[in-house]
Amino acid sequence: MADAFLQLHRATPPDPAVFAPRMVSPLPRVHVLIVCAGNVRRSPMAAALWRHRFREQPMLVQSAGLNALNGLGIDPRAEAALAARGLSGRPHVARQVTGALVEAADMVLVMDCAQAIAVQALSPCASGRTFTLGKWSGGAEIPDPHPYTADAYARVCSLIERAVDDWYEQLNGRVAAATMM
């Protein structure tokens, strides 16, 4: 009797409509933390661009700063650079990166190597899952948008966009393979 049940069960795939209401996604939600210095310029732009590029994947994308002034909004020039791409970083509230935030993340992305070292000092578990955003863009570091002009913000936003696109190209095959399982 048990063998007949197992054969029938294997031969008849489950009706997706039965499970669809309970399933949010076939993949577990990935938690990405993006870190910069103040959490008002680069990391909010990167988080908005990451959310947009990976919008089909189940991800929680957050940002924080190593020297953030908690409660500040996104810099208006950073918001303008995103708006030029049809995106927004709002609502955004700057916050200080903590060991708990790092430990909760599956992947931490930073703007440069010095920030990677600082994040790893906050939490030993950050080692092995902290990367520069420009890792797949030839290791490019993402500079602060000095001299804080609209053009500087546009250039930095373009660098971030390229880096996010390069991450997407690297991760897309892995995400697609996981959905086929």
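Taking the Cβ of A37 as the center, what net charge do the other residues with Cβ under 11 Å away carry, scoring Lys and Arg +1 and Asp and Glu -1? Could the numbers behind the result be given before it?
Values: positive: R41, R42; negative: D112, D144.
The answer is 0.
Accessible surface for R90 stands near 150 Å², nearest 10, in the context of the full protein assembly shown (1.4 Å probe).
Among residues other than V102 with Cβ under 13 Å from its Cβ, the summed charge is 0 (Lys and Arg +1, Asp and Glu -1).
Taking amide H as placed 1.01 Å from N in the peptide plane, the amide H of V93 sits under 5 Å from none that are at least 5 places away or on another chain. Under a Cβ-Cβ cut-off of 11 Å, what is the net charge of the residues other than R77 that fall near it, where Lys and Arg count +1 and Asp and Glu count -1? The answer is -2.
The values are calculated or read from the model by the stated rules, or taken from the named source; none is laboratory data. Nothing here was measured: the structure is a model prediction, and the numbers come from that model. Glycine also receives a Cβ, built like all others from the backbone with ideal geometry; neighbour counts cover every protein chain displayed. Only protein heavy atoms, including side chains, enter the accessible area calculation; ligands, DNA and RNA are left aside. Shrake-Rupley method; radii C 1.70, N 1.55, O 1.52, S 1.80 Å.
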